[in-house]
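One structure is given here, and the rest of the page talks about it.
The values are calculated or read from the model by the stated rules, or taken from the named source; none is laboratory data. Here the structure is a predicted model, which is why all the values come from computation and not from measurement. Methodologically, a virtual Cβ is constructed for each residue, glycine included, from the backbone with ideal geometry; neighbour enumeration extends over all protein chains shown.
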Amino acid sequence: MAFAELQAAYSTQGVALYPLGHDKHPAIRGYEKVGTQGSSQLAMKFPAAEAAGFCAGRRNKLTVVDIDSTDDRLVDEIQARFGETPFQVVTPSGGRHLYYRHGNEPRQIRPLPDVDILGAGNVVAALSVVPKGRYQIERGTLDDLRRVPPMQNLAAAAAKPRVERGRRNTALFQHCQSVVARCDTLDDLLDCARTWASDRLEGELPDEEITKTCLSVWNYRGGRKRIMNQIVESPQWANLVADPDALALMAYLSAENGDDAEFMIADGLGAARGWPQRFVPSGRKKLLELGIIRRTKPAAPGRAAFYRWAVPWFDGQDMSFSTGLPRPGGKPGEEKQGKVIKDSLSNSTGLAA
């Protein structure tokens, strides 16, 4: 279905669409301000575009739960938590988009494993076609967009005061710092910044200022990469890319162990998971060499060594990168006392690792 047809179909449901490029990013500037009238004009300019998007939030009265998993059980769990919805979409990767009536929910990235709550920002519209496939309606029709229910068991975000003039640029810079670790591209950061600025800043901040701030934060990032919740510097990333075992082991450990956890990496882990014999020892050695993990307790008879993350992780609450070590000027012992994650392989072979 071409954009002109999509736009007409969604317009009857009060949803304003804009065209998307092949990368699923908006093909226009100022997309977050597009209303139904502007959307109809875009249909004349981009009639043949195959993908369309809309802004979740107050304007279109929609919140979308984006499930990045093919596990149908997760869909059931989300509906058990937030309520059933009559309009559901299958994404090209096999995930799901569950639609709800907007209730002042913010845009939340990974508040639950493999789940984003899109209460603001760009969303790919159902029936769009992208290089990887089609966003196919699995349940309901477009007519159900007006009948989707509000999310349950989710406290609506309290209305926060807008940042006044004179403090807007500083507040925007701090917000961009707080989200850059979750952004894979500069366009992702711009999307987050524009959405936040629209919701939180007093008056309209020129888009040139938003772009300038995003460029500054992105460049300051200095080539850092995020692997799960851990942040690695550019040289570390280059070494990890050259060592797939270490990269895979780091991703596994990050998924299994929290940011402030103390954990084991016993040789028996590989045997229990069916991995090659040298996978864990070689990967562990490389992560130590790169300074990504640090040994906190040596191995002892009947017990494997313990480790912690040495690379920073993203902490969105204080808008900083943390390492679990004392902050500059802090007193010894002020580091985060993370709970010990006991590996189920503690009695397995290879505990002397």
Filtering region 190-208 down to residues that are surrounded by 15 or more Cβ atoms within 10 Å (Cβ to Cβ) and modelled with pLDDT of 85 or more, which residue is nearest to Lys33 (Cα to Cα)? Arg194
Strands (runs of 3 or more DSSP E) contained entirely in region 1-114, each with at least 3 residues that are not aliphatic (A, V, I, L, M): 52-56, 96-101, 107-112
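Among the residues of region 262-298, count how many are assigned to a loop (DSSP other than H, G, I, E, B), surrounded by 14 or more Cβ atoms within 10 Å (Cβ to Cβ) and in contact (Cβ under 8 Å) with a residue 24 or more places away in the chain.
If we filter region 262-298 for residues that are assigned to a loop (DSSP other than H, G, I, E, B), which is where we start, we get 265-267, 274-278, 290-292, 298.
Those still in the list that are surrounded by 14 or more Cβ atoms within 10 Å (Cβ to Cβ) too: 265-267, 275, 290, 292.
So of that shortlist, the ones also in contact (Cβ under 8 Å) with a residue 24 or more places away in the chain come out as 265-267, 290, 292.
Result for region 262-298: 5.
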May I ask you to list the residues in region 161-181 that are surrounded by fewer than 13 Cβ atoms within 10 Å (Cβ to Cβ) and either of a type in the set (A, V, I, L, M) or not in a helix (DSSP H, G or I) (or both)? Pro161, Glu164, Arg165, Gly166, Arg167
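Residues of region 137-151 being under 23 Å from the mean Cα position of the chain (by Cα) and either part of a loop (DSSP other than H, G, I, E, B) or among the acidic types (Asp, Glu) (or both), which ones?
Applying the first criterion (under 23 Å from the mean Cα position of the chain (by Cα)) to region 137-151 yields 150-151.
Listed by number, the list holds a single entry, Met151.
I'd like the full set of residues that are part of a strand (DSSP E or B) and either buried (at least 24 other Cβ atoms within 10 Å of the Cβ) or touching a strand residue (DSSP E or B) at 6+ places or on another chain (Cβ under 8 Å) (or both), limited to region 116-136. Quick ask: steps written out before the conclusion?
So the first thing to find is which residues in region 116-136 are part of a strand (DSSP E or B), and the list is 116-118, 121-124, 129-130, 133-134, 136.
Passing the criteria: Asp116, Ile117, Leu118, Gly121, Asn122, Val123, Val124, Val130, Gln136.
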Just give me the residues in region 94-126 being touching an Asp or Glu at 6+ places or on another chain (Cβ under 9 Å), touching a residue at least 40 places away in the same chain (Cβ under 8 Å) and closer than 24 Å to Ala27 by Cβ, in sequence order. Tyr99, Arg107, Ile109, Asp116, Leu118, Gly119, Ala120, Gly121, Asn122, Val123
